[in-house]
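Worksheet: the structure to be examined is printed underneath.
Nothing in this text is a laboratory measurement; each read-out follows from the coordinates by a stated rule. What you see is a predicted model; the values in this text were computed from it and never measured. Note: ideal-geometry Cβ built from the backbone for every residue, glycine included; neighbour counts use all protein chains shown.
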Amino acid sequence: MALFGTYDRAALDAEYDNGAKVPDAPAMVDRWYADGEQACSMLSCDLDVPYGDHDRHRLDIFPVGGGAAPVMAFIHGGYWHLRDKRMAHFLAPTFVAAGIHFVSIGYRLCPEVTVSGVVEDVKAALGWVSENCESFGGARDRLYVAGHSAGGHLAATMLSAEGMPEGTLAGGCSISGLHDLEPIRLCYLNDSLHLDEAEAARLSPIRIARDMPPKGQTKLAPAILTVGAEEGPEYLRQRDELAETLRAARQPVQVVDVPGGNHFSACEAFGDHNHPLCQAMLRMIAAPGF
């Protein structure tokens, strides 16, 4: 029996089971952590900077020298209930080399908190970065956000009309993001997340974009949306529906393809200065009016 679109429960579970779709995913993630440790040993970094009271309310900051510079705040993935901020450290060298401060955001995980609680943590973290980035040489008006998978959902939410206050963010990127949480509520992931129908709707960037005020009344920061071409039809739908909805609302959005990419190599493309995805992000930061 169809549960979501044409998918029954088993098919829907398979669409969102990235570990099963990418057999070498554990080795890829292990490499991210190892490369992240190397980044910490090679770069200046200030680890576990608190933005709140919980032991996961922490930021890792990789600063650059010189005058006021842009800031890239990155939100790790893990379907809202796994992993930690060290997962993103491997991306830091690319942005630091480009003269951009890199900040990795930690947050509480489900089921200790709901997805709503995770959203509030990320809002608090970005608020802290906005208020305090000048202390490490950041330009407050050049704060960008990006994230992968669940972090892509969180980045897209922060860039939405129900995210950070207007003017806080200069732009950002959702990598393989979940922009419609209804299929997440209906698949195996909800055993850990406990989303209900109302929360899934309220926290879905596609729904938020559809419910925006009439055209021209809200101005969002520009967004880049990407997904690995081999991630499957649901991930492609998630990206494309958000892009179409933002375009219909006349909001700035760019779609970047990752040909041959899977759920994990799409994130690696974000840190590869030779890849069009990384280049699109660096171009947004270096030449925001282009």
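Figures for the structure shown
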| quantity | calculated |
| --- | --- |
| Under DSSP loop assignment and at most 12 Cβ neighbours within 10 Å, longest GluC sites (Glu not before Pro)-free interval of the chain | 167-290 |
| Considering only the chain, percent of DSSP beta bridges that pair antiparallel, nearest 5 | 25 |
| Karplus (6.51, -1.76, 1.60) ³J(HN,Hα), θ = phi - 60°, over segment 65-71, in Hz, Gly and Pro reported as x | x, x, x, 4, 10, x, 10 |
| ³J(HN,Hα) computed for each position of segment 44-61 - Karplus, 6.51 cos²θ - 1.76 cosθ + 1.60, integer Hz, glycine/proline x | 5, 8, 10, 9, 6, 6, x, 10, x, 8, 6, 5, 9, 7, 9, 10, 10, 10 |
| Distance histogram in 5 Å bins (all Cα pairs of the chain, percent per bin) | 1, 6, 13, 18, 20, 19, 13, 7, 3, 1, 0, 0, 0 |
| Long-range amide H partners of residue 255 with built H, under 5 Å | 225 |
| Potential lengthening between residue 287 and residue 82 on full extension [0.36 nm per residue; Cα-Cα distance subtracted] | 70.3 nm |
| Segment 48-206, relative contact order in percent, only Cα pairs under 8 angstrom and at least six apart counted | 24 |
| Difference of contour (0.36 nm per residue) and Cα-Cα distance, residue 42 to residue 3 | 9.1 nm |
| Cα-based shape type of segment 189-261, given that a ≥ b ≥ c are square roots of the gyration tensor eigenvalues and the cut on a/c is 1.5 | oblate |
| The chain, helix-only ellipticity at 222 nm - DSSP H runs n ≥ 4, -39,500 (n - 2.57), divided by all residues, nearest 500 | -11500 deg cm²/dmol |
